[in-house]
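Asks: Sending over a structure as C-alpha cells; questions will come in a sec.
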Amino acid sequence: MRIGITGHRGLSAAVEKLVRTSLDAEVKKHEPTELCGVSCIADGPDTWFAESVLAAGGRIEVVVPADEYRDGLPSAHHATYDALLQQAVEVHHTGVSESTSQAHMTGSEILVGLVDRLIAVWDGQPARGFGGTADVVAYARRTGVPVDIVWPEGAKRD
C-alpha cells in the first residue's frame with residue numbers, strides 16, 4: 001500500500017502531539033512490510049508521517065518539489081530532512097529549480113500520482129496560498145485518489 005501525506009505546517013506543539021498520535025494510528029492500520037509512505041518531507045506532518053512509517057518498519061519515497069526546496073525549509077529542519085532523504089528507497093524530482101508555490105503543487109501532483117491513498121492533515125479550510133493542503137486534497141479527489149482526513153478533536157491552526 002502506497003500512502004501519501006499532505007498537511008498544514010506551523011502547527012503548535014500541542015497540535016503536533018495530537019497529529020502524531022493520529023498518524024501513528026493510521027500507519028498501524030497497514031502491514032509494515034507492505035507500507036510505503038510517500039512524502040515531500042517538509043517540516044510538520046510530512047516529516048511526522050515519514051518518521052512514523054519508518055518506525056513501524058515501512059519504507060518511504062520522497063518527492064523533491066524543486067532543486068532549491070530544502071533551502072526554503074527552516075534551517076532547524078535541514079538535518080531531519082537530510083536524514084529522511086537518505087532513508088528513502090526512491091527519490092522523485094519535478095525537474096524544477098526554483099522552490100515556488102507552483103513547484104510545490106507540481107511536487108504534490110507527482111506525489112498524488114504515486115499513491116493508492118492520501119492522508120491529509122487538514123482543518124477543512126481553503127488553502128492560504130496556491131499549493132496548500134486544500135489544493136492537494138482537491139487535486140487528489142479530482143484524480144480519484146481516496147483521501148483520509150486527519151484533524152484530531154481539539155486541533156486548531158494559528
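The values are calculated or read from the model by the stated rules, or taken from the named source; none is laboratory data. Predicted model only: the values in this text are computed from it and were never measured. Neighbour counts run over all protein chains shown; Cβ positions are idealised from the backbone, glycine included. Note: accessible area is taken over every heavy atom of the protein model, side chains too, but ligands, DNA and RNA are not part of it. Shrake-Rupley method; radii C 1.70, N 1.55, O 1.52, S 1.80 Å.
Asks: Within the stretch 102-122, how many residues turn out to be over 8 Å from THR6 (Cβ atoms) and open to solvent by less than 40 Å² (accessible area, probe 1.4 Å)?
Replies: Qualifying residue count, the stretch 102-122: 6.
Asks: I'd like to check something: does the stretch 70-82 contain any residue that is without any contact (Cβ under 8 Å) to a residue 60 or more places away in the chain and in contact with a Gly (Cβ under 8 Å, 6 or more places away or on another chain)?
Replies: Here is the first cut: in the stretch 70-82, the ones without any contact (Cβ under 8 Å) to a residue 60 or more places away in the chain are 70-82.
Add one more test, that the residue is in contact with a Gly (Cβ under 8 Å, 6 or more places away or on another chain), and what stays is none.
No, the conditions are met nowhere in the stretch 70-82.
Asks: Give me the residue from the stretch 147-158 that is open to solvent by less than 50 Å² (accessible area, probe 1.4 Å) and not hydrophobic (A, V, I, L, M, F, W, C) and, out of that set, modelled with the highest pLDDT. Steps first, please.
Replies: Kept after step one, since they are open to solvent by less than 50 Å² (accessible area, probe 1.4 Å), are these residues of the stretch 147-158: 147-148, 150, 152, 155.
Filter once more, keeping what is not hydrophobic (A, V, I, L, M, F, W, C): 148, 152.
Numbers: ASP148: 97, PRO152: 92.
Of everything passing the filter in the stretch 147-158, ASP148 is modelled with the highest pLDDT.
Asks: Within the set of pairs 6 or more residues apart or between chains, which connect a residue that is within 18 Å of SER101 (Cβ to Cβ) inside the stretch 122-148 to a residue that is open to solvent by less than 50 Å² (accessible area, probe 1.4 Å) and in a loop (DSSP other than H, G, I, E, B) with Cβ atoms less than 7 Å apart?
Replies: Cβ pairs passing all conditions: TRP122/HIS8; THR133/HIS8; THR133/TRP122; THR133/ALA127; ALA134/TRP122; ALA134/ALA127; ASP135/ALA127; VAL137/TRP122.
Asks: Now for a separate question. Can you tell me which residue is nearest to the chain's Cα centre (by Cα) among those in the stretch 82-110 that are among the hydroxyl-bearing types (Ser, Thr, Tyr) and within 25 Å of VAL145 (Cα to Cα)?
Replies: The initial filter retains those residues of the stretch 82-110 that are among the hydroxyl-bearing types (Ser, Thr, Tyr), namely 94, 97, 99-101, 106, 108.
When the remaining residues are screened for being within 25 Å of VAL145 (Cα to Cα), the result is 94, 100-101, 106, 108.
Details: THR94: 16, THR100: 17, SER101: 15, THR106: 14, SER108: 9 Å.
Within the stretch 82-110, the match that is nearest to the chain's Cα centre (by Cα) is SER108.
Asks: When the stretch 15-28 is examined, which residues are found to be charged (D, E, K, R), in contact (Cβ under 8 Å) with a residue 24 or more places away in the chain and part of a helix (DSSP H, G or I)?
Replies: Looking only at the stretch 15-28, we keep the residues that are charged (D, E, K, R), and these are 16-17, 20, 24, 26, 28.
With in contact (Cβ under 8 Å) with a residue 24 or more places away in the chain added as a condition, the list becomes 16, 20, 24, 26, 28.
Listed by number, the residues that qualify are GLU16, ARG20, ASP24, GLU26.
Asks: Which one of ARG70, ARG59, ARG20 is open to solvent by 60 Å² or more (accessible area, probe 1.4 Å) and closer than 27 Å to GLY144 by Cβ? Steps first, answer last, please.
Replies: Details: ARG70 fails: closer than 27 Å to GLY144 by Cβ; ARG20 fails: closer than 27 Å to GLY144 by Cβ.
Selected residue: ARG59, the only one of ARG70, ARG59, ARG20 that is open to solvent by 60 Å² or more (accessible area, probe 1.4 Å) and closer than 27 Å to GLY144 by Cβ.
Asks: Only residues that are open to solvent by 60 Å² or more (accessible area, probe 1.4 Å) and either of a type in the set (D, E, K, R) or without any contact (Cβ under 8 Å) to a residue 12 or more places away in the chain (or both): list them for the stretch 29-50, please. Give the derivation first.
Replies: Taking the stretch 29-50 as the starting set, the residues that turn out to be open to solvent by 60 Å² or more (accessible area, probe 1.4 Å) are 29, 31, 33-34.
The answer is LYS29, GLU31, GLU34.
Asks: I would also like to ask the following. Assess whether VAL91 counts as being of a type in the set (Val, Ile, Thr), open to solvent by 20 Å² or more (accessible area, probe 1.4 Å), under 23 Å from THR133 (Cα atoms) and touching a Leu at 6+ places or on another chain (Cβ under 9 Å). Don't jump to the end; show me each part of the working.
Replies: On the way: of a type in the set (Val, Ile, Thr): yes; open to solvent by 20 Å² or more (accessible area, probe 1.4 Å): yes; under 23 Å from THR133 (Cα atoms): yes; touching a Leu at 6+ places or on another chain (Cβ under 9 Å): yes.
Spelling it out, VAL91 is indeed of a type in the set (Val, Ile, Thr), open to solvent by 20 Å² or more (accessible area, probe 1.4 Å), under 23 Å from THR133 (Cα atoms) and touching a Leu at 6+ places or on another chain (Cβ under 9 Å).
Asks: Is the stretch 81-93 home to any residue that is small (Gly, Ala, Ser), touching a Phe, Trp or Tyr at 6+ places or on another chain (Cβ under 9 Å) and in a loop (DSSP other than H, G, I, E, B)?
Replies: Start the filter on the stretch 81-93 by keeping residues that are small (Gly, Ala, Ser), which leaves 83, 88.
From the residues that got through so far, the ones that are touching a Phe, Trp or Tyr at 6+ places or on another chain (Cβ under 9 Å) too are none.
Among the residues of the stretch 81-93, not one is small (Gly, Ala, Ser), touching a Phe, Trp or Tyr at 6+ places or on another chain (Cβ under 9 Å) and in a loop (DSSP other than H, G, I, E, B), which makes the answer no.
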